[in-house]
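The values are calculated or read from the model by the stated rules, or taken from the named source; none is laboratory data. Treat the numbers as computed from the prediction; the structure is a model and nothing was measured. As a convention, Cβ positions derive from the backbone with ideal geometry for all residues, glycine included, and neighbour counts pool all protein chains shown. To get the accessible areas, we keep the full protein, side chains included, count just its heavy atoms, and leave off ligands, DNA and RNA. Shrake-Rupley method; radii C 1.70, N 1.55, O 1.52, S 1.80 Å.
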Amino acid sequence: MGLLSIANGKRTGLSGTAAEGASELTFQQWAKQNGFERCGVFRSKNGLMLLECANGMDAQSVFSSISTRDFWNGSVRSDTWITLDVESPNFSAFTQFLGPEAKTKVKAFRIIKILDGDEMLVFFQYSFETSGFAAAKDSFKSELLEVIRCHRQSLLSEPNEKLVNELSQKGKVRLFLISTKRAFEDAIQKIEVCETTLLNILINTVFEELFYKTKKLFSTPAMIYSADPDEIKVAAIVNSEIEDEILKEQLSLEFADTIGVDAAKKIIILTAGYSDDNEEILDYLLRG
């Protein structure tokens, strides 16, 4: 077992099926399930609006998302979809939320502002094609609100004794860590965000995309967990450390669209050895 998409080109992802409830899905799973290729959700933080969740968006675009409530109140009506193409008069007003590369490729936007009580959310989608946005279901609003409510819990759910036991029954478990610290330092070195709190929120948004991509590379019941955007801990049945280089190459390819090729090459894999002790495995994942 161990790494997927490496020896045989197959992929077993976490993508949910239509039967799964929105509360069981991460934002990335839900977006992919509904055909929303490049999208994110703006939410109010410290009086400003910025991307809290993203799928298929590059880091530079996420870091460009800081905006004001007044902008969104003045440009988008509540609960009404707007679709813009390059010929639309106010198309360029929305390109400010994209990084340099995405800005040169974007051909269309689709946006909706949702009021949830006193809170305002903005679902923001863009395409490199002039048309082809997947149709939004009638249940779109309720599903999105549920996904946002449960997203982080679904993505970063803690390992438990049952899951550890299922894994260790398959053989000796290898414990290792994927460090994203240097990759993030490279990705954000040119970012100008005046407030550290806001930058950390945006880093978490990008990290969650990287974490989701990492989880897709491992077969169940491997466990991938993180409590820190600098590292991803893994417990899996992996045959040898030779696979580290293969994994690093695969992760670099997966991460490149999000943080850039140069930054993606700076991920580091650190081994913590093997274990067949369930308590030791769980302690490693949760506490290090």
Pull up segment 46-82, narrow it to residues that are open to solvent by 10 Å² or more (accessible area, probe 1.4 Å) and part of a helix (DSSP H, G or I), then point me to the one that is farthest from Ser142 (Cα to Cα).
Gln60
I'm checking my understanding of the structure. Among residues of segment 104-119 that are modelled with pLDDT of 95 or more and in a strand (DSSP E or B), which one is surrounded by the most Cβ atoms within 10 Å (Cβ to Cβ)?
Phe109
Provide a single number: the residues in segment 120-140 that are within 28 Å of Thr104 (Cα to Cα), surrounded by 10 or more Cβ atoms within 10 Å (Cβ to Cβ) and aliphatic (A, V, I, L, M).
4
Any residue that is at positive phi and open to solvent by less than 30 Å² (accessible area, probe 1.4 Å) - is there at least one of those in segment 239-247?
no
Can you give me the number of residues within segment 257-288 that are within 22 Å of the chain's Cα centre (by Cα) and crowded, with 16+ Cβ neighbours inside 10 Å?
11
Consider Phe94 carefully, then state whether it is open to solvent by less than 20 Å² (accessible area, probe 1.4 Å) and either in contact (Cβ under 8 Å) with a residue 40 or more places away in the chain or within 21 Å of Leu210 (Cα to Cα) (or both).
no
In this structure, does Ala227 turn out to be of a type in the set (Gly, Ala, Ser) and open to solvent by 70 Å² or more (accessible area, probe 1.4 Å)?
yes
Please go through segment 200-233 and give me each residue that is over 27 Å from Leu167 (Cβ atoms), in contact with a helix residue (DSSP H, G or I) (Cβ under 8 Å, 6 or more places away or on another chain) and in contact (Cβ under 8 Å) with a residue 60 or more places away in the chain, ordered by number.
Leu202, Thr205, Val206
Inter-residue pairs, beta-carbon under 6 Å, first modelled with pLDDT of 85 or more and in segment 183-198, second assigned to a loop (DSSP other than H, G, I, E, B), 6+ apart:
Ala183/Lys266; Ala183/Ile267; Asp186/Lys266
